[in-house]
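The values are calculated or read from the model by the stated rules, or taken from the named source; none is laboratory data. The structure displayed is predicted, hence computed values, not measured ones. Glycine also receives a Cβ, built like all others from the backbone with ideal geometry; neighbour counts cover every protein chain displayed. Accessible surface areas use protein heavy atoms only, side chains included; no ligands, DNA or RNA. Shrake-Rupley method; radii C 1.70, N 1.55, O 1.52, S 1.80 Å.
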Amino acid sequence: MIRIIPVVAVLLLLVACDHKPGPVAKAQKDPKIAAIDERISKTTPEGKEIIEKVKAMKPEVNEQASTKTVGEMVDEYAKNKGAYNITSIGWEASQKKLLPGSKSPRWKVAFSYQDWQKQLLVAEWEYDPDTKKVYPFEKDNAPQFYEGAEPQGKKGKK
């Protein structure tokens, strides 16, 4: 009996000290991604319609239409680039000021994403409802979502 008392005491101490850890705090969201999510959440229903319209359009560069739509090119970069795939964060749209001589205000449509190096990037296009055309708005990221026609080979002399 004297031998059992220390064993029981040790077991009681082990049980009393065996507590589960408290809830794990949620990982803090990157403040830059949180800011992007905030802008995306402010997109109006009309803006969401414009986003869908732009994703279905072929952007123009120097009056040459892309061979693929904006949405097709985003999908291409998100799914078919292997290790260089991008990660989509989301789309936002906002109406711009009415330009003199325009009937309707233009729209800025932005696609936020992370590249394969986890850098946050934004591609921006401008949609003109008067001409029903979409153009890359910034020079670094949006032009990457454009695919031009393959150049025709030069024909030799006969």
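Close contacts from region 37-61, counting a first residue that is assigned to a helix (DSSP H, G or I) and a second that is small (Gly, Ala, Ser), with Cβ to Cβ under 6 Å and a gap of 6+ residues or different chains, come to ILE40/GLY90; GLY47/ALA93; ILE50/ALA93; ILE51/ALA93; LYS55/GLY71.
Per the conditions (1) part of a strand (DSSP E or B); (2) closer than 27 Å to LYS29 by Cα, the sole criterion not satisfied by ASP75 is (1).
The C-beta contact set for region 113-130 (first residue over 17 Å from GLU92 (Cβ atoms), second residue open to solvent by 30 Å² or more (accessible area, probe 1.4 Å) and in a strand (DSSP E or B), distance under 6 angstrom, 6+ apart or interchain) comprises ASP115/LEU121. THR67 falls short of the stated requirement of being at pLDDT 85 or above, in contact with a strand residue (DSSP E or B) (Cβ under 9 Å, 6 or more places away or on another chain) and open to solvent by 40 Å² or more (accessible area, probe 1.4 Å).
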